[in-house]
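Student: The structure is given below, and queries will be raised subsequently.
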Amino acid sequence: MRLRFRLQPSTRRAVLAMLAAACFLGTGAACAGGGQPSGIATGTSAGAAAVSSLPPASRQPTAVAATLLFSAPIVGGGQFDGASLASKPAVLWFWAAWCPRCRAKAGDVKAVQAEYAGKVTFVGVAGLGSGDDAMAQFVAQHNLGGFTHLADDQGMVWRHFGVIEQEFFVVLDRAGTVVHKGALSTADLRQRLAALVA
């Protein structure tokens, strides 16, 4: 048994007017011959419209500088993503566990890192045949656990930055641009970092 409902003429006119408005505004599928009006019941049309009205920069992820597109294992375990250095100045200190100059410099690097903690990211990059055990011992002996050290005996990060010798610094600005590459005295390192965070 089929039930039929008869709408009052005024109600029928109101329903037809709403359907016509929906078709005219392009918010529903009712005018295309069926289905639920997507913009009304599901919100998908409204959502798409909101996204498309945003400026292009807010729809796309922020670009990361090519200098930060690297990854490497961390001394003691884990993996480091260079993109994590974006938006803050950074110092990469390249060292080898067997290097006397690196041992002599370790205390100074630790002191400068502590001074600029929260303002500048420090990353040690160990390599040149140091070996995992020796890297871990170097970090422990010199109490360098306050910042991350990469276990890069394969030299991936060294090659990425064109570093060919130990006890070497690469200093990056907030945009990931290399602003210094080479040896630095402790005083020069402090001076460069003061300029970067000013």
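All of the numbers you see were taken from the coordinates with simple rules; none came from a lab. None of these values were measured; they are calculated from a predicted model. With ideal geometry, Cβ positions are generated from the backbone for all residues, glycine too; neighbour counts draw on all protein chains shown.
Student: Pull out the extension gain between ALA66 and VAL178, defined as 0.36 nm times the separation in residues minus the alpha carbon to alpha carbon distance; nm, one decimal. Spell out each step's value before the answer.
Tutor: On the way: separation 112, 0.36 × 112 = 40.32 nm, distance 1.07 nm.
The ALA66-VAL178 span can extend by a further 39.2 nm.
Student: Now for a different question. Return the long-range amide H neighbours of SER71 (sequence gap of 5 or more, or a different chain), with a cut-off of under 5 Å between placed amide H atoms.
Tutor: Under 5 Å from the amide H of SER71 lie the amide H atoms of GLY82, each far enough along the sequence or on another chain.
Student: Could you pull out every residue, at least 5 positions away or on a different chain, whose amide H is within less than 5 Å of the one on HIS149? Hs are placed 1.01 Å off N in the peptide plane, and Pro or chain starts have none.
Tutor: For HIS149, whose amide H was placed from the backbone, the distant partners under 5 Å are VAL75, GLY124.
Student: Round to the nearest 0.05 the FRET efficiency obtained for ALA195 and MET156 when R0 = 35 Å and r is the Cβ-Cβ distance.
Tutor: Once rounded, the FRET efficiency stands at 0.75.
Student: Something else: Using the Cα gyration tensor of the stretch 66-185, with a ≥ b ≥ c the square roots of its eigenvalues, what is the shape: rounded (a/c below 1.5), prolate (a/b larger than b/c) or oblate (neither)?
Tutor: The shape class here is rounded.
Student: Let me ask something else about it. Considering only DSSP beta bridges whose two residues both sit in the stretch 66-197, what percent are antiparallel, to the nearest 5?
Tutor: 55
Student: Obtain the nm distance between the two label points defined at GLN141 and GLU115 by a simple spin-label model: each point lies 7 Å from its Cα along the Cα-to-C-beta direction.
Tutor: 2.6
Student: Name the long-range amide H neighbours of ALA97: under 5 Å, sequence gap of 5 or more, or other chain; modelled H, no Pro or chain starts.
Tutor: Residues meeting the criterion, in which the H sits 1.01 Å from N, are GLY127, SER130.
Student: Averaging sequence separations of C-alpha pairs under 8 Å and six or more residues apart, then dividing by the length of the stretch 96-198, give the relative contact order as a whole percent.
Tutor: 27
Student: Each label point is 7 Å from the Cα along the Cα-to-Cβ direction; what then is the distance between the points at ARG103 and ASP188, in nm?
Tutor: Each label point is offset 7 Å from its Cα along the Cβ direction, giving 2.4 nm.
Student: Here's a follow-up. At a Cα cut-off below 13 Å, give the aspartates and glutamates reachable from LYS119, other chains included and same-chain residues fewer than 8 away excluded.
Tutor: Excluding near neighbours in sequence, the set is ASP173.
Student: Quick one: which of 113-119, 189-195 comes out on top by average Cβ neighbours within 10 Å, and what's the full order, highest first? Could the numbers behind the result be given before it?
Tutor: Working: 113-119: 13.3, 189-195: 16.0.
Top of the packing list down: 189-195, 113-119.
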